[in-house]
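Colleague: Sharing a structure, written as C-alpha cells. Questions coming.
The numbers here are math on the coordinates, done by the rules we state, and not lab data. What you see is a predicted model; the values in this text were computed from it and never measured. Every residue, glycine as well, gets a Cβ built from its backbone with ideal geometry; the counts of neighbours run over all protein chains shown.
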2 protein chains.
Amino acid sequence: MSIKTVSNVVNDHPHVRPAMRERVRAVIDELDYRPNGIGRQLRQGRTGLIALAVPNVTSPYYGELTSTLVTAARARGLTLLVEQTDGEPDREREVAAGFPVRLVDGLVFVPLSMPVAELAQRRDSTPAVLIGEHGEGAGIDRVTIDSVDIGELGTRHLLQIGRRRIAFLGDKQSLRSPVVAERIAGYERALRAHGVPVDPRLSWVTPEWERRHGYDGTLTLMAAHPDVDAVFAANDLLAYGALHALRELGRRVPDDVAVVGVDDVEQSRYTAPTLTSIALDRGVMADLALGLLVDRLAGVEGPPRLLTATHHLEVRESTSGVPVGAVPAGARAAAGA
Amino acid sequence: MSIKTVSNVVNDHPHVRPAMRERVRAVIDELDYRPNGIGRQLRQGRTGLIALAVPNVTSPYYGELTSTLVTAARARGLTLLVEQTDGEPDREREVAAGFPVRLVDGLVFVPLSMPVAELAQRRDSTPAVLIGEHGEGAGIDRVTIDSVDIGELGTRHLLQIGRRRIAFLGDKQSLRSPVVAERIAGYERALRAHGVPVDPRLSWVTPEWERRHGYDGTLTLMAAHPDVDAVFAANDLLAYGALHALRELGRRVPDDVAVVGVDDVEQSRYTAPTLTSIALDRGVMADLALGLLVDRLAGVEGPPRLLTATHHLEVRESTSGVPVGAVPAGARAAAGA
DNA sequence: AGGCTGCCTTCCAACGTTGCAAAGTCAGCG
DNA sequence: CGCTGACTTTGCAACGTTGGAAGGCAGCCT
C-alpha cells in the first residue's frame, strides 16, 4: 500500500475502503507506528506548541496559572512549553524578541519589568497574549485585572475595621511598574475617600515580592513606624513574610496589626492566622488568554483586545480575628501559644 | 547568494569569506530572518524538546522541581514542555505510552500510581528518566531518594525529643505505592529500634497529599487517638493541614503535638510555628535526571542506571519550639497568642 | 601563459508528511 | 458488452533545512 493511503487512514479521510482501513490499522499497531510530528508540522506550518513565559513557576500564583494553562491548552489540542524570565528585563526582551528558532505557534507572556515601549516595537510575528497589568499600550491582546480597584478594595477593608496607619508593602524603588503604580493609586484613593492622610513613607519598598522580602521589609517598616496598625501586602507571599516578622516582633495579628494580601493562593487558607486576601480568578484569566490567542492563530484580525478578569475579597483571620473552623474561641486562643 | 550559503553562515561553517559572511548577516538583520526550527529538526531528526510529566505544577514540591528543570534544560540548550497527570493511573499510562505524535526527544517522568509492570513494558522508544521512588524494576534510568531512611530519620527525631505516640499521616488505602511503603517501613524500623510498639492504627490514610487532606486527616486522627503526641506527615502540604487542624483543636505545637514534614519547601520557613522538615535536594535531582537523559540522547547504551539524591533534616519550631529569628523568647510567646 | 591548488559557493538530495491531481477500479445501466 | 460515473488508491510536489559533492574562481608556481 502507498504511504499516502496510510496518511489518509491516520487522518480519517473519507473515501478509504473499510477493508483497507483495517489493514492499515493492523500494520500501524503491529509496528507501533506514530506519525512524526515534525514532518507533519513542516507540511502544515504549525506545531501545536504554545510558549508560556512567566517570571517563575515556583511562586504559587504563577504555579497555579501555569497549571491552569497547561490544562486549558491540552483541552484545545495545544501543548504548553515553559520559559522562566525571573522578571528580569533582559530575559523578558529575549522572550519578546521571539525564540531564535521559530518553533511555537503562539506566546502567552507575563511581563513584569521590560519597558512597554519595547514591547510595542516587538517585530516577531508570532501571535502573543499578555497577562497582567503590564503592557498597557503595547498593542497586544491582553487579559488583565483592575489593580486600582484591588488597591482600593483592600485598603477600604482595613479602614472599615478601624485601621488608620496602613502601610503598603511592596513598592518598587526605581521603575514603578504599572502593577505597583495601580495598586498604590487605589490604596491612596481609598485613604483620601476616608479622610485619612496619605503618608508616602508608608509605601514600603521591597526588592521583589518573595516571602523573604516581606519578612525583611516588615521588620524594617515596623522599626521605622511602630504605630503602623495594618499592612497591605502587594501579594500573598509578601504577606506570609509579614506575618512571620510580626510574630517574631510579638505583634498580634490582627489585634495589633491587620494584614491583607493579594492573589488568594491555596496556602492563605492554612497560615496562622489565616490570611485575608483578594482573590484573582486564575482559571478565568487562563481561559480568556488562551481564547484570545486561539483566535489569532485562526487568523482573526483586528485591533488589540483587552479583557479584565474579576476579583473579590476573602476575609479571614488576619483582619477579622474570627477563625474559619467551627471551634470555640477559647480553644483557638490556647492554640496560638 | 544561495540558500546554502546562508545556512553556512548561520551554522558558523568554515570556508565562508568574511565579506560574504557580513553581507549575509546584514540581510538576516534586515529581514529579521529566523531559521525555521521545523525544517532544521526534520533534517536533523531532533527537536530539542524534552517533556516533563508531573502530577501537577501547583504543589510547591513539583513546582520547584519544574522550575529547576526548566532552568537546567535551558542551560543545555533544551526546552521543556509540561504535562500534568494529576497522579492518575490513566493519565500516567498515556504519558508512558508516548505522545500520539512523535515530537519530543526525551521524557522526564514522575509517576505515582501506574503499575510498575506496565512501565516496564513501555514500547515507546523515546528515552526517559524517572524521578522518585516509583519505578523500581521498570528498567528505566531513575533518580530517587532513600525514602526508608527519610521515614527513619523523621521518626527518630521525634523519638529523640521524647515522643512515643507518633502518627504517620499520609498512608494510602489501596495500592500502597513505593513512596508510602518505604516511608512507613522506615518509620516502623525507627520505632522498633527505640523499643516503641508499632501501632498500625496510627498509620493514617489520606486520599491524597494536599493541604486539605492533612487537615481532615488530622481532625479525625486526633479524635480517634487523642493521645497522639507527634505527627509525621508524608509531605509538607499534609503538615500544613495538620498544623491548621491542631491549632483549631487547641493543641499546642510542639508542646502537645510535634509535627514533621518532608520536602522542605520554601513555605515551611514561614509557617507559624515554622515546620521541621526533611529537605530533598531538588536542584541536584533535576540536574542528575537531565544528565542521565542527555546521555541517552547522545546515544549512550547500557543497563538502566539508578542515582540517589541526598536529604537532611531541617529542625524548626514545630519540633524544637525554638524560634528561628534572633528575637527574645518572651517576645515570641506573646506573638503566638 | 597554462595548469594546478585551494578556498569559496552552489547544486542536489533527503528528512516525513499531506494537498492536489491523476490514475485505477468497480458496479450499474443502457 | 461497453460506457459512465462514483469511489478508491497512488504519484508528485512541496514545506525549510543541511550534508555531501560538484562547480567556479583566483592566485601561484613553473
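Colleague: Shielding by partners for A:72-82, please: the mean number of other protein chain Cβ atoms within 10 Å of each residue's Cβ. Spell out each step's value before the answer.
Modeller: On the way: counts 0, 1, 2, 0, 0, 0, 0, 9, 6, 8, 11.
Neighbouring Cβ atoms belonging to other protein chains average 3 per residue here.
Colleague: Shifting gears a bit: Alpha carbons only, please: Rg and Dmax for chain B, in angstrom.
Modeller: Values for chain B (Cα only, Rg and Dmax): 25.0, 84 Å.
Colleague: Computed over the Cα atoms of region A:220-315, what is the ratio Rg over Rh, Rh following Kirkwood? Before the final figure, lay out each step's value.
Modeller: Working: Rg = 18.6 Å, Rh = 15.5 Å.
Value, to two decimals: 1.20.
Colleague: If you don't mind, another one. Of A:Glu317, A:Glu22, A:Glu94, which is the most mobile in a GNM of chain A whose springs link Cα atoms less than 10 angstrom apart?
Modeller: Per the Cα network of chain A with a 10 Å cutoff, A:Glu22 tops the list.
Colleague: Relative contact order (percent) for chain B, with alpha-carbon contacts under 8 angstrom and 6 or more residues of separation?
Modeller: Values: 589 pairs, mean separation 49.8, N = 337.
About 15 percent, as a whole number.
Colleague: Peptide B:265-273: average number of partner chain Cβ atoms within 10 Å per residue? Don't jump to the answer; show the numbers that get you there.
Modeller: On the way: counts 1, 8, 7, 0, 6, 15, 7, 11, 2.
Mean shielding by partner chains, rounded to a whole number: 6.
Colleague: In addition: Near the amide H of B:Ile278, under 5 Å away, which other amide H atoms are found, from residues 5 or more places off or on another chain, if H is placed in the peptide plane?
Modeller: Amide H neighbours of B:Ile278, under 5 Å, 5+ apart: B:Gly261, B:Val262, B:Asp263, B:Asp264, B:Glu314.
Colleague: Now for a separate question. Taking the label point as lying 7 angstrom from Cα along the Cα-to-Cβ axis, what are the distances from B:Thr308 to the corresponding position in the remaining copies, in ascending order and in nanometres?
Modeller: The projected label point of B:Thr308 is separated from its counterparts by 5.8 nm.
Colleague: Using amide H atoms built 1.01 Å from N in the peptide plane, name the residues 5+ places from B:Arg305, or on other chains, whose amide H lies under 5 Å from its own.
Modeller: HN-HN under 5 Å from B:Arg305: B:Asp141, B:Arg142.
Colleague: Beyond 12 Å, what percent of the Cα pairs of region A:130-190 remain?
Modeller: Summing the P(r) of region A:130-190 above 12 Å gives 68 percent of all pairs.
Colleague: Let me ask something additional. Using a 7 Å offset from Cα along the direction of the beta-carbon, what are the separations from A:Ser7 to the same position in each other copy, nm, ascending?
Modeller: So the distances to the same position in the other copies read 2.1 nm.
Colleague: Cα centroids of region B:45-89 and region B:179-237: how far apart, whole angstrom?
Modeller: Cα centroid to Cα centroid, the span is 30 Å.
Colleague: Convert each backbone phi in region B:264-271 into a coupling constant with the Karplus relation 6.51 cos²θ - 1.76 cosθ + 1.60 (shift: θ = phi - 60°), then list the ³J(HN,Hα) values in order as whole Hz, x for Gly and Pro.
Modeller: Once rounded to whole Hz, the list reads 6, 7, 2, 4, 5, 7, 10, 6.
Colleague: Still on this structure, please answer the following. Provide a whole-number value for the mean count of partner chain Cβ atoms within 10 Å of the Cβ atoms in peptide A:231-244. All intermediate terms of the calculation are to be shown ahead of the outcome.
Modeller: Values: counts 0, 0, 0, 0, 0, 0, 3, 0, 1, 6, 2, 1, 3, 9.
Mean inter-chain Cβ contacts per residue within 10 Å come to 2.
Colleague: Shortest first and in nm to one decimal, what separations exist between B:Pro115 and its copies in the other chains, measuring from label points 7 Å along the Cα-to-beta-carbon line?
Modeller: When each copy's label point is compared with this one, the spacings are 6.2 nm.
Colleague: Given region B:50-109, report the % of alpha carbon pairs whose separation exceeds 15 Å.
Modeller: Numbers: 846 of 1770 pairs.
The answer is 48 percent, as a whole percent.
Colleague: Further, regarding this structure: Write down Rg/Rh for the protein assembly as shown, rounded to two decimals, with Rg from the C-alpha atoms and Rh from the Kirkwood relation over Cα pairs. Present the calculation step by step, with values, prior to reporting the outcome.
Modeller: On the way: Rg = 27.4 Å, Rh = 27.3 Å.
Ratio value, two decimals: 1.00.
Colleague: How charged is the neighbourhood of B:Val257? Take every other residue with its Cβ under 12 Å from the Cβ of B:Val257, and add Lys/Arg as +1 and Asp/Glu as -1.
Modeller: Details: positive: B:Arg163, B:Arg165, B:Arg247, B:Arg251, B:Arg252; negative: B:Asp227, B:Asp229, B:Asp255, B:Asp256.
Within the 12 Å Cβ shell, the charges total +1.
Colleague: In terms of Cα to Cα distance under 17 Å, which aspartates and glutamates are near enough to A:Lys4, apart from those fewer than 8 places away along the same chain?
Modeller: Here the aspartates and glutamates satisfying the reach criterion relative to A:Lys4 are A:Asp12, A:Glu22.
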